[in-house]
Structure formats: structure tokens, C-alpha cells
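Heads up, the thing below is written out as C-alpha cells.
Read-outs: derived from the displayed coordinates by stated rules, not from any lab. Predicted model only: the values in this text are computed from it and were never measured. In this analysis, Cβ positions are derived from the backbone assuming ideal geometry, glycine residues included, and neighbour counts consider all displayed protein chains.
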Amino acid sequence: MFIEIKNLTKVYDNYLAVDKINFQLNKNRTLGLLGPNGCGKTTTIGMILGLIAPTNGEILIENRNMNTLNRDEVLARFNFASPYVELPKKLTVKQNLEIYGRLYGIEDLSTRINEISKDLDIKNFFNRKTGELSSGQKNRVSLAKSLINKPEILLLDEPTASLDPDVGDFIRSYIQEYKSKNKVTLLLASHNMNEVEKLCDSVIMMKKGKIIDTGTCNDLIKKHGRNNLEETFLKLARSKDEF
Amino acid sequence: MNFNKIYALGLRHIYLIMNSFPRVLDLIYWPTVQIFLWGFISKFFTLNSDYYSNTVGVILTAAVLYDFLFRASISFNMMFLEEIWSRNFTNLFIAPIKISEIIAALTFTAILRTLIGLVPAVLIAVPLFGVSILKLGIPLIFLLISLYLFGITLGLLVTSGLLRFGPSFENIAWASLFFLAPLGCIYYPIDILPNILQIIAKGLPLVHVFEEMRGILMNNSVNYFNILKSISISVIYFIFGIIIFYISYFGARKRGTLINMGE
């Protein structure tokens, strides 16, 4: 196992955002993090990325507590993309990738930038300012930044949110292709159930800060007697019980 | 500390300046206006005041040094605010870069922004008003070091406030230096202040810097002890600023504000 989350809890003042959650992220597998808005997904991702200090519990990376590891070394193995987090708008795509490549200490950076920009088809707006791009173009650039260091652990927060079906499909297909060609452990938070079914090996369902169910997509669909993951999600999100 | 990472972060701000001519113009505009304004005031006082009668450019030199402090602090704040405005905060704090490297990058890049603004203004003062801050001689270097460290300290304290209270703290960024200016004795000797304020003022490096500047220009005498005192006080404040920044960073992690810091 690669990452193990043990009794992870986050309390903001008197608000319990994440309540003693436990799960494992196995090497080179994709885990979906599902749940309604405000269920604690972003807080969980924030704690794994070291942006939020847990109130209790621990995050183990290859059986070692994250807090005891060198922060830089850990973060050099991670990366993250979200449409809610942007790159500097006034810098060109190329400049942004160069800066993040340098921050991640990438050797032979120009080759890596060329490679990734060719893969994600962003070369034709390479010299345009990031703030001038469309949502779809921004998402591709954001994904390029998140793959610049060939991360071992990639965290994606709604990577296709607010994209048209064509661009959304391009991103999904690219992630799927990237997974098949590279060794990457993926944690995907998404509200798009088709995307989750397509990309994830297993999922965990969160609600009000707790994990209410976990399993493969097919197992969950079967277990709850539904036709697809979307229906299963709705059942779990609207239910009062834990499963 | 990793120099390449400090350079990368500095490069982000250099690109930002290079990509926008209006931004460069904005950097130069305000110091130049200051020079014109204080240049004419200085000329008036030189012609009409006994105190300044034989000392051309004391006020203008004070204005330049104060602007250097102001630009250093504002540059530090602005670069930090740029990360908030561009919603790049999360990307920055999940990159494998140490907090000390972020502080170092902002500190070194702030000097560049400061000089872009100030050098043209200082050069303009020579032909227009016959005033050059280089008349301060070698001590100028030490006075600038002291002012720069204090300017960066104010920047650190304001950015700590941004980490603690979020973007709403932005207005304090602009007001921070004006709050200290009256105690800095920039344009007048410390004796003007009431006794109680004199005690407080002596705890700031500004008083020692500007008293020393007047001493050099008006009496042609250099008191290196005074300069050392101003640098020492600045270093103490600088260390204090770094500690506060770290406390604010760990506080922000606890409150979870790093992940959604934005406009």
C-alpha cells in the first residue's frame, strides 16, 4: 500500500469537517472520492497535500508518518490539479510551465515541457497569457502543470468540471491513457459519475465528513440495487444510514 | 535553501513585470511624482528656511530614502498579493518549496521592483534639482540596507496578516507604512516629537537612519555607531517578522485557509 489514512479528523472551531476517516490508496491504482458538496472531500485532499493540518489521525506514506518525512521530498512526488486553483494569469503558458518545472526541480525541463504540451495539445497557445485562455484550455494547462514532475501521486479535484463534453472527454481519455503508460497513483474527487466509473478502480463515498461506503463501482451498484453509479450516489447521498 | 527554487519564484515575478509595460510604467510613475513634489518643496525650504539654508537636498534625499523603504515593503506585499489575486496560492504551497525559500525569493525580488521604480526617479533628481543621494557617500549603502530590512519586515508582517485574516487584510498593506511615518522622523528631527513618542521612535530604525542622513548632509559628520544601531534594530525586527510569518503559516494550515485563499 502506498498511502494509508488512519483516523483522519479535521475540526474547524466547532465544525467537524472530517470525522475519523480510514482508507488506503494502493500503488498505481485510482481511487475515487465521492460525496455531496461540503462532505469533506476538499479538506481530505488538503490534508494529504499538507495544506491543512489534521486535528487528529495520521497520513502514512509507505508506512511512514507524513509529518516525520521531509516536506520537500514528499511534495516532489505529489501534484495536484483543480479548476478552482489557477496558474498566474498574466504569465504565458510556457512561462508558467517553466516556473513550475523549476520549482519541482525537473531536469531537462524544455524536453519535458515539449513532451507534455504535445500530449495535451497546448502548443498552439503556448505563448498566450494563461488568463486569456478558455476554460477548456486552462484545464489542459493546469493538468500539464500537475504532470510536469511525473508525479507518483496525483490528486485531481473535479478535473472536468464546467467543461463542454468534447473537452471533458479529451481530459478523461488523456488521464486514462496517462495511467496506462505511467506508474501513477491517482486520487480523483469528482461529481461526474461516468468519469468515476471510467477512471476509478474503487471508490469511497463520503457524507458529513464520514466515509459511508466503499468498494468498486460495480460492487456498490450491485450492493445498493441500482443501475449505475449516479443512481447509487443519489441513494447514498440522500440516505440517513451508514452502509 | 535551494537557489534554483528561489530563482524560479523570482522569475515568476520578473516575467510578470516583463510581460506588462503598464506595470513597469506604474512602478516608475509614483517615485517620479514623489521626486517632483518633494523636489519643489525642498527648493522652497532651501530658499526660505534658516534650518535648511545651506543644505540643498536634505528633504529630497529624505524623500528618496523614505520612498526606498516604502517601495521595498510594498513590493514584498504586492508579490504576495499577486499569488492571492491569481488564485495561485494552492499551487505555490503544494510545490516542493520551503517557506524560507519563499521568503528569500520575495526578499530578493523586491529589491528589483524597488530599483526599477526608484533608479529613474533618483537620476531625474540630479539634473532637475541638483540633488544626488550619492552625496551621502559610503554610509548610504548601510542606510539602504537598514531601510531595506525594515521595509521587508513590514512586508513580512503584512503578509502574515494576509495569511491570518485573508485578502481582507489587503487594505492594511497599503496603510502600514503611513502609520509608522510620523514616528520615523523622516523630514524633521526627533526633538519635534513629544517625549513619550521619542522613546517609541528610538525603538525604530527609521529615526537613526534619517537622523544620520541629516547629520551627514548638514554637518559632514558620520556616526557609524548610529548606523550600526539602525542596522541592528532592523535585523531584530526582521527576525521577528520571519517568526511571525511562520506562526501565521502554521496558523493558516490549522484553519485551512491556504487551500481556498483567493480574491
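Tabulated data for the structure shown
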{"item": "Helix-only [θ]222 nm of the protein assembly as shown, DSSP H runs n ≥ 4, -39500 (n - 2.57) each, per residue, nearest 500", "result": "-19000 deg cm²/dmol"}
{"item": "Using a Förster distance of 45 Å, the FRET efficiency for B:Ile138-B:Lys98 (Cβ separation, nearest 0.05)", "result": "0.80"}
{"item": "Sorted by Cβ density within 10 Å, fewest first, the residues A:Asp166, A:Asp121, A:Asp13, A:Asp157", "result": "A:Asp13, A:Asp166, A:Asp121, A:Asp157"}
{"item": "Difference of contour (0.36 nm per residue) and Cα-Cα distance, A:Asp72 to A:Glu230", "result": "53.0 nm"}
{"item": "Charge sum, other residues only, whose C-beta stays under 11 Å from A:Gly215's C-beta, Lys/Arg counted +1 and Asp/Glu -1", "result": "-1"}
{"item": "Lysine pairs meeting the criterion (Cα under 28 Å, 8 or more apart or interchain), as found in segment B:3-255", "result": "7"}
{"item": "Whole-Å semi-axes of the ellipsoid equivalent to chain A (Cα gyration tensor, √5λ, descending)", "result": "30, 22, 16"}
{"item": "Shape box of segment B:3-255 [Cα atoms, principal axes, largest first, Å]", "result": "59, 43, 32"}
{"item": "Number of partner chain Cβ atoms within 10 Å, mean per residue of A:95-104", "result": "6"}
{"item": "Residues A:Ser173, A:Ser82, sorted so that the one with the fewest Cβ neighbours within 10 Å comes first", "result": "A:Ser173, A:Ser82"}
{"item": "A:Lys6 versus B:Asn19: modelled label distance in nm, points set 7 Å from Cα along the beta carbon direction", "result": "4.4 nm"}
{"item": "Projected label distance in nm at B:Ser221 and B:Asp50, using a 7 Å step from Cα toward the beta-carbon", "result": "2.1 nm"}
{"item": "Of the trypsin sites (Lys or Arg not before Pro) in segment A:111-219, those whose Cβ has at most 12 other Cβ within 10 Å and which sit in DSSP loop", "result": "A:Lys183"}
{"item": "Sorted by Cβ neighbour density within 10 Å, fewest at the top, the residues B:Cys185, A:Cys200", "result": "A:Cys200, B:Cys185"}
